[in-house]
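Trainee: My structure is below; once you've seen it, I'll send some questions.
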Amino acid sequence: MEGATLSLEGIRAGYGDFQALFDVGLKVSPGEAVGVVGPNGAGKTTLLRVISGMLRPKAGTARFGSTDIAATPAHMLPGIGIAHVPENRRLFPHLTVEENLKVGAYIPAARRRYAEREAYVFDMFPRLKERRHQLAGTMSGGEQQMCAIGRALMSSPRILLLDEPSAGLAPLVVAQVFALVQRIRAEGLTVLIVEQNVAQVLRVVDRAYVLDAGHVVAEGSSAALASDPKIRSAFLGGH
Ligand code: ATP
């Protein structure tokens, strides 16, 4: 499938009367790796939910290529190339690794290419191949994160949405997960990654948006953000 631009403008979204996002705009071009960083509760997960169709915005537009995301049923979005690795991975713990990967390939186009996609995922994550018959819930946190990313890759996405892939993982495993993100983007896949681990994420993305209390308060290249004194003191422990 061709690359497509993800474009959000004036997005307002929330839960009941609670507004979590205020006029948020964001753009991700094909082949880019873009980060969304910010403190707890800033609205990062909410933003990814809007993009994967799990939450309808109250105002604004969200488009992926020519598709109006907000007007498309969520289950159709993997078919246009949007794959979401949710917060806390959301694997099926009582299914095996292989069965979890099958779930990721439920769309017809992916089912037809199942063997090819599985070979690709097993090449990227040899550990998953070794453990293909193991119940996902019995694996380590890092292995489960790899399984969640592998499951998302089964659908041949055009954009991969990653929600806090480093959450709850030991530092060494976090480094492995970010190395994988780097490999995925080096293969040309467009990536949008939400993270609290600002220092690590700025090393793997081209650009990032800083979200605070539902507002985009800064955006720029990774290099510019990493050297911005305000960002440094707020997120990077520097001055
Ligand atoms: P975290 O890193 O803690 O996940 P976040 O930046 O991803 O933070 P969100 O999870 O998007 O933030 O939450 C943004 C705001 O929306 C928070 O104030 C949160 O309490 C609220 N919120 C999130 N999910 C719900 C929900 N299902 N119902 C009501 N409020 C919610």
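Trainee: Please list, ordered by residue number, the helices (runs of 4 or more DSSP H) wholly in the range 148-239 having 2 or more residues that are closer than 24 Å to ILE80 by Cβ. Reasoning before the result, please.
Mentor: Details: elements: 171-186, 198-204, 222-226, 229-235.
Where helices (runs of 4 or more DSSP H) fall fully within the range 148-239 and carry at least 2 residues being closer than 24 Å to ILE80 by Cβ, they are 171-186.
Trainee: Would you mind stating whether GLY35 is within 16 Å of the ligand (Cβ to nearest atom) and either out of contact with any strand residue (DSSP E or B) (no Cβ under 9 Å at 6 or more places or on another chain) or at pLDDT below 95 (or both)?
Mentor: Details: within 16 Å of the ligand (Cβ to nearest atom): yes; either out of contact with any strand residue (DSSP E or B) (no Cβ under 9 Å at 6 or more places or on another chain) or at pLDDT below 95 (or both): no.
Considered against the rule, which asks whether it is within 16 Å of the ligand (Cβ to nearest atom) and either out of contact with any strand residue (DSSP E or B) (no Cβ under 9 Å at 6 or more places or on another chain) or at pLDDT below 95 (or both), GLY35 comes out as no.
Trainee: So if I check each of LYS27, LYS102, which one is away from the ligand (no atom under 15 Å from the Cβ), of a type in the set (Lys, Arg) and closer than 19 Å to GLY150 by Cα? I'd like the intermediate steps shown before the answer.
Mentor: Numbers: LYS27 fails: closer than 19 Å to GLY150 by Cα.
Result of the check over LYS27, LYS102: LYS102.
Trainee: Next up: Can you find even one residue in the range 224-237 that is crowded, with 19+ Cβ neighbours inside 10 Å, at pLDDT 90 or above and not acidic (Asp, Glu)? First the steps, then the outcome.
Mentor: Of the range 224-237, the ones crowded, with 19+ Cβ neighbours inside 10 Å are 225, 231, 235.
Narrowing further to those that are at pLDDT 90 or above: 225.
Now restrict to residues that are not acidic (Asp, Glu): 225.
Looking through the range 224-237, at least one residue is crowded, with 19+ Cβ neighbours inside 10 Å, at pLDDT 90 or above and not acidic (Asp, Glu).
Trainee: Scanning the range 79-117 for residues that are under 20 Å from the mean Cα position of the chain (by Cα) and among the charged types (D, E, K, R), which turns out farthest from THR45 (Cα to Cα)?
Mentor: Top of the filtered list is ARG117.
Trainee: Let me ask something else. Please indicate, with yes or no, whether at least one residue in the range 89-104 is out of contact with any Leu (no Cβ under 9 Å at 6 or more places or on another chain), at pLDDT below 90 and on the phi > 0 side of the Ramachandran plot.
Mentor: Yes: the range 89-104 contains one or more residues that are out of contact with any Leu (no Cβ under 9 Å at 6 or more places or on another chain), at pLDDT below 90 and on the phi > 0 side of the Ramachandran plot.
Trainee: So which residues in the range 1-40 are part of a loop (DSSP other than H, G, I, E, B) and touching a residue at least 12 places away in the same chain (Cβ under 8 Å), if there are any at all? Talk me through it step by step, then tell me what you get.
Mentor: Step one: filter the range 1-40 for residues part of a loop (DSSP other than H, G, I, E, B), giving 1-5, 16-17, 29-32, 38-40.
Once the filter is applied, which keeps residues that are part of a loop (DSSP other than H, G, I, E, B) and touching a residue at least 12 places away in the same chain (Cβ under 8 Å), the range 1-40 yields MET1, GLU2, GLY3, ALA4, THR5, SER29, PRO30, GLY31, GLU32, GLY38, PRO39, ASN40.
Trainee: Also: Scanning for something away from the ligand (no atom under 16 Å from the Cβ), touching a helix residue (DSSP H, G or I) at 6+ places or on another chain (Cβ under 8 Å) and at positive phi, does the range 167-177 turn up at least one residue?
Mentor: Checking the range 167-177: not a single residue is away from the ligand (no atom under 16 Å from the Cβ), touching a helix residue (DSSP H, G or I) at 6+ places or on another chain (Cβ under 8 Å) and at positive phi.
Trainee: Now a separate question. Scan (1) within 18 Å of the chain's Cα centre (by Cα); (2) surrounded by 21 or more Cβ atoms within 10 Å (Cβ to Cβ) for the single condition GLN176 breaks and write down its number.
Mentor: Going through the list (1) within 18 Å of the chain's Cα centre (by Cα); (2) surrounded by 21 or more Cβ atoms within 10 Å (Cβ to Cβ), GLN176 breaks only (2).
Trainee: Out of the range 51-67, which residues are open to solvent by 60 Å² or more (accessible area, probe 1.4 Å) and out of contact with any Asp or Glu (no Cβ under 6 Å at 6 or more places or on another chain)?
Mentor: First, pick out the residues of the range 51-67 that are open to solvent by 60 Å² or more (accessible area, probe 1.4 Å): 54, 56, 58, 61, 63, 66.
The answer is MET54, ARG56, LYS58, ARG63, SER66.
Trainee: Filter the range 200-218 down to residues that are touching a Leu at 6+ places or on another chain (Cβ under 8 Å) and within 16 Å of the ligand (Cβ to nearest atom) and give me whichever is farthest from ALA20 (Cα to Cα).
Mentor: ALA208
Trainee: Quick one: would you say LEU48 is within 17 Å of the chain's Cα centre (by Cα) and either part of a loop (DSSP other than H, G, I, E, B) or away from the ligand (no atom under 15 Å from the Cβ) (or both)?
Mentor: Values: within 17 Å of the chain's Cα centre (by Cα): yes; either part of a loop (DSSP other than H, G, I, E, B) or away from the ligand (no atom under 15 Å from the Cβ) (or both): no.
So LEU48 fails the test.
Trainee: Only one of SER166, SER155 is under 15 Å from LEU180 (Cα atoms), touching a strand residue (DSSP E or B) at 6+ places or on another chain (Cβ under 8 Å), small (Gly, Ala, Ser) and touching a residue at least 24 places away in the same chain (Cβ under 8 Å). Can you tell me which?
Mentor: Values: SER155 fails: under 15 Å from LEU180 (Cα atoms).
Exactly one residue qualifies, and that residue is SER166.
The values are calculated or read from the model by the stated rules, or taken from the named source; none is laboratory data. Keep in mind the model is a prediction, meaning the values are calculated, not measured. Because the Cβ atoms are built from the backbone with ideal geometry, glycine has one as well, and the counts that use them run over all protein chains shown. Ligands, DNA and RNA are excluded from the accessible area calculation, which covers all protein heavy atoms including side chains. Shrake-Rupley method; radii C 1.70, N 1.55, O 1.52, S 1.80 Å.
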